[in-house]
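Have a look at the structure below, then the notes.
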Amino acid sequence: MSAKLTNFLLSAVQIMLGSAVLNSRQHIGLQRVSALAETVRSSVGPNKKYKFIQDDTSGESVLVCSCFRIIESLEPTCAVGQLVLETVQAHHKVYRSGSGCLLLLAGAWSRAALDCLHRGISVTNIISFMSEGMDICLDVCKESTVLFEDLAVTGRRTAAPRGVEKTFTEAPQGSRHMQRATKSDDMTPNMSVRRKTKLSRHFCETTLHLDEPDVPGVSHAAEMLSHGCEGSMKLVVEAFQLQSKKNQELRNPMFDISKVMTCVLPGLPEGRACVLHGCVVLLSHEQVSVAHQIKERRLKVAFINGDLTHTYRHLGFKKPPGVQPVSERSVPSGSSKEDEWLEKVVEVFLSLEVNLILTTGLACESLIQTCCRHRILLVERVNSPALRLIANSSGALPVTYPTQLSEHCVGTGVQIFIWTDLSSYGRKPAAAVNISTGGGVGLVTAVITSCVDGKLQALEDQFWACAHRLHHALKDRVLLPGAGATEMLCIHHLQKAAERHSQADADRAQETKTGTAAGLHRGHVLQLMADGLIDYITTVTVNAGRFSAVEARTVVSRQLQNFHRDQIMAGKFSQLALEAEGDASADKTPAARIYDNLSVKQEAWRKALDLVFLVLQTDAEVITGTGRKGEDNLMLL
Amino acid sequence: MSRLVKKSPSVCTDLPLDNADICNKLRLMRELLGSCYGPTGRLKQIHNNIGGRVVTTSSSSVLLPAIASSEPFVNLIRTSILHHVRRFGDCGLFAAIFCLSLVEQAKQSGLRAKAVIRSNEHLASLCTDYLKQGGCGCKVKLDLCSGRDLVALARSVVSSKPACVLTEPECVHISRLAVRAFLLTVPCDTPGSVSLGQTVRVSVEGLPVTHSAVVPGLLVDTAEDVYLSQPCSLPHPLVLFSASLAGDLSELGDGLIEVHPRVDSDSQVLSQLLELGNQVVRDGVKVFVCQKVIHPVLQLYLTSHGVTVVERLGVTLMEPLIQLTGAQPVATLHSAVQPTAYGQVGGLSVRRFGSKTMLHLQACGESAICTIILCHRNETMLNELKVTCQKAEHVLRLALREPSALRGGGCTETHLAAYSKSEVPALGRGCSQTEYLRAAEAFCRSLESVARSLEHDGGTSTIDPTHAHRWTRPSDVATERRGVGAGCCGCGSLDGRETWTSAEFPPADLLRDASVQPGVLDSFTAKLNALQVAVETANLALDVRYVIRDVN
């Protein structure tokens, strides 16, 4: 094995010879971060532009919407790209929103760092000054928070004015379509032909009445957090209300997103989306008839963790490699092992009188058939947290093998409802069935529907983004003024600090003649950080659709000047993006505001800066293993 | 029919240090490692050429294994430094830079290799003797009774790893945790020979660094819905299996097994397992732990009898758990568990950190096992933080054996260089006076170049003639080093107000002034060994005459 070295900085050999300062001004890593950030520029903010991402080798293409999906589908291969992806994924996993903000700011601050390098500011200083700038921003965030309760209260008083809806409905949905377009996708047309909504007598609509205000004002506050996804946020609020009806804790409401599931259902209009208790599963044609026979009854239910096949063994079980059956004479093989197993399993089910079996894995076809004959509904591929929650609430114990089942492992009181009949044939799902415990576990499922296959992913992402926003808002108990107001305040403070440093230093320099460049540099770095935030606001304003880039910049700088003149009074945040979007309806009622999550914003900023710091401090890439030859800037060790 | 290929002859390189290619590689390695040195060092991204994970690091323990060379001569140096790192945990970069620049300086000086080796040996023993002396100017006594010195020592380690991306308060927090974890591993009043306990590191991604914590006892990964046995009577008896209880025949190993078709081996093993479970339940065991997988039927049986079950413990946690509970791991399921094999657990609770659910096992009485939970915002930084904490723990343990530290920030190196220069040359055989003087000069230059490697922003390093400490003048005259004020020397015990006068050795003693405590400390034991390793390796490298490679 040998190790190869590529230099990050332009000329590898020169750098290694020690002329670091001269060449480090062209930092390739920072340039790469900035370039990657540019790919999401048009998707930052509530109004997103769609992008087609095509894979040249396989010919597959995908239409993506959110910043996270863009960067994920791009699959950056370079080392810096992987670092960017890792950071964004870590953020997305926890918050499900704010990835665009993270990326755009990482790009903007990378350019700021590059600028600093050009001016000869040392890496150590860039890092310490930028951290200082971040502290200023985080302090601003802390000071400008609004209590969640206050918002909820104002919401109740103003009783959700219609004007709000109007500003919000300029959402991107509906007008643009998003479609996962694969070359060999013959499924979509076929399905749309088959899928005519049939109103059978089994059709059962489980609409829930959600008008009772369980936690006052939460729905109003949620609306201010929807960031252009009202449809999804409405679902989230429904889910929240269904959940909180159970735990009755009005003083300190929480939204437990670990007990929220989603079920995507292509082929139905978007208006059919709804939230139900329990979980929702899709059943095949033959299972539907069983479901009809046992629906709306209190059922005995068994839970299996794993596959229902005779060859299945639990995780970690190693089959002995060389087992050979030997005997003196050949044993008459009347029935195969599988048949024996099948018989045994069905016997267990029948003796326990279970009507419903939920399994996280797969079941063999013959078992499903046999169960159907015995009026037992066997549901495969149930999400395992959902299975655990339902099992808990029905007093059952999930087991790994069906032969383990005994009386005390079986739960009771589970009901199934047929949510909708999809009336398709063969292996395709024929009906969506709702499995509910009716008990107090708080498991809810959002059914997300769309006629356009490719849009489902985006709708699901939007739902989760909204769910996480509401969850974090309730957890933080505070919110930040959104639509650029917090960023404006940060810019204002950063610029003031920058001025102060430059001024103080100029004075000192006049007095003593030995004034260091420290103040000047510090002021400069802070100013560049503020420019990064300005870039962010401008981008969001442009994406909102009313201004061109130049106009947006003018609007932002005019706002900033007003800011400086007025010396910020509390509550005088101007919400730029909103103004850009709005028309006469945006008449600055407090209800018309947009709010952001404190923790999401803080973490996104901090992670963006972490990324810049990591890349800024990196000066070489070590590639291990024997590799390609003939690259000029590689050095072999 | 096989084809015979003629064996190609071995390749012999004469005088490897005269080979331009090898020299280039050595210089590249020195520059690569030198650029990582110190708190402002640059980071390296390591990955393989087929798109594996990217590791961002500046620590020698990660970097050195990665930079394997195709040249055996380079690998010779690399592995000997790596051995030092594995043994002492710290000062790996110091040893590497020092060793490589010794080789380079010797090459440049044009002296005979034998003469250089002889004088290097002499100078190294001079330096180690001086460092071991009580009145050594760069040694600081550590007060183990106060936490301040230990925290300062840990902080020097933590702050020297920029890839952790820690802010100042976070850095202090982690250093304090490292010290607290270290103190928890020191047993309180054990008669006889004392053996230190263990720290187990658990990492949680996505939480802020300040959520990191130290807890006594062990934290074990567990399923979300773990069954917790009722705290009816403390302590809980515990049984620990190292054998797999998955119910398979994996113990038999490879080879062919012949069985009768009507024999169901699976159910026979299972009944054996259940018998074992039955015995354990009869013996009143409340916690059942297995290093490997437990058969679900056995798990269900145990939990239904009020036993907390932990499976897939992993081999790394076995030793700490044995120490914590006093249990003997059971290696077979074919015989009854001996009563002496049971251990005891003092407390049992479920704790959640971010997305992780963990079972907290506490010892019955005094125990030297603790767990440190490290949180960070992303995985890259978290991995580096883990390495750093391990290093800090190692350094603290070394300090227990030899309670002193060396001034950090390059001041020890410059001080040693000044000392070596001042010493009267002692002539040995095979080395003339001029040769010795020139070799000593090269040795001192190498030491000073290590100190200079701490500066990466183009600043200039200077050495004051009064105290022989290292000072930096930044290129943009704006540097404010974190923690150490603007006008301080490398180790932070002197500020710029003092005037530099004498140029004689020994330099003015500052130990008299108790108020000046250096802010940056290095591990004494690790650095002393690193110095010796560097000189010995360099001497060996200078002594290599031929490199013979079998290229078949």
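The values are calculated or read from the model by the stated rules, or taken from the named source; none is laboratory data. A quick note: this is a predicted structure, and the numbers were derived from the prediction, not measured. So basically every Cβ, Gly included, is an ideal-geometry build from the backbone, and we count neighbours across all protein chains shown. Quick note on the areas: whole protein, heavy atoms, side chains included, nothing else; ligands and nucleic acids left out. Shrake-Rupley method; radii C 1.70, N 1.55, O 1.52, S 1.80 Å.
Quick notes on this structure:
- Residue that is nearest to B:Y301 (Cα to Cα), among those in segment A:397-417 that are of a type in the set (G, A, S) and more than 12 Å from chain B (Cβ to nearest Cβ): A:G411
- Residues that are assigned to a loop (DSSP other than H, G, I, E, B) and of a type in the set (A, V, I, L, M) were ranked within segment B:349-382; the one that is nearest to B:P320 (Cα to Cα) is B:A368.
- Of all residues in segment B:68-87, exactly one satisfies the criterion of being of a type outside the set (K, R) and closer than 21 Å to B:C164 by Cα, namely B:V85.
- Residues (under 27 Å from A:Q243 (Cα atoms) and part of a helix (DSSP H, G or I)) located in segment A:344-399: A:S384, A:P385, A:A386, A:L387, A:R388, A:L389, A:I390, A:A391, A:N392, A:S393
- Verdict on B:L219 being within 13 Å of another protein chain (Cβ to nearest Cβ), surrounded by 15 or more Cβ atoms within 10 Å (Cβ to Cβ) and within 40 Å of the chain's Cα centre (by Cα): no
- Scanning segment A:336-358 for residues that are in contact with a Pro (Cβ under 9 Å, 6 or more places away or on another chain) and within 15 Å of A:V301 (Cβ to Cβ) yields A:V348, A:F349, A:I357, A:L358.
- Among (1) at pLDDT 90 or above; (2) under 30 Å from B:S175 (Cα atoms), the one test that B:T308 misses: (2)
- Considering residues of segment B:188-218 that are among the aliphatic types (A, V, I, L, M) and in contact with a Phe, Trp or Tyr (Cβ under 8 Å, 6 or more places away or on another chain) only, the residue nearest to A:Y95 (Cα to Cα): B:L207
Listed here are the residues, each with its yes/no results for (1) surrounded by 16 or more Cβ atoms within 10 Å (Cβ to Cβ); (2) facing another protein chain (nearest Cβ under 9 Å); (3) over 20 Å from A:E621 (Cβ atoms).
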residue: B:L17; (1), (2), (3): yes, no, yes
residue: B:M29; (1), (2), (3): yes, yes, no
residue: B:K44; (1), (2), (3): yes, yes, no
residue: B:N49; (1), (2), (3): no, yes, no
residue: B:V54; (1), (2), (3): yes, yes, no
residue: B:S58; (1), (2), (3): yes, yes, no
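- Considering residues of segment A:269-313 that are among the acidic types (D, E) and either at pLDDT 90 or above or assigned to a helix (DSSP H, G or I) (or both) only, the residue farthest from A:L352 (Cα to Cα): A:E270
- Test result for A:M233, over 17 Å from the mean Cα position of the chain (by Cα) and of a type in the set (A, V, I, L, M): no
- Qualifying residues in segment A:608-622 (those that are open to solvent by less than 10 Å² (accessible area, probe 1.4 Å) and not in a helix (DSSP H, G or I)) - the one nearest to B:I46 (Cα to Cα): A:V622
- Residue identified as touching a Leu at 6+ places or on another chain (Cβ under 9 Å) and polar (S, T, N, Q) among B:T332, B:T303, B:T316, B:T340: B:T303
- Applying the criterion of at least 3 residues that are under 30 Å from B:G459 (Cβ atoms) and out of contact with any Cys (no Cβ under 7 Å at 6 or more places or on another chain) to the helices (runs of 4 or more DSSP H) found wholly in segment A:47-156 leaves A:79-95, A:99-118, A:123-143.
- Within segment A:76-90, being within 14 Å of B:V54 (Cα to Cα) and either at the interface with chain B (Cβ under 10 Å from one of its Cβ atoms) or surrounded by 19 or more Cβ atoms within 10 Å (Cβ to Cβ) (or both) holds for A:T77, A:C78, A:A79, A:V80, A:G81, A:Q82, A:L83, A:V84, A:L85, A:E86, A:T87.
- In segment A:109-133, the residues that are crowded, with 24+ Cβ neighbours inside 10 Å and of a type in the set (G, A, S): A:S110, A:A112, A:A113, A:S122, A:G133
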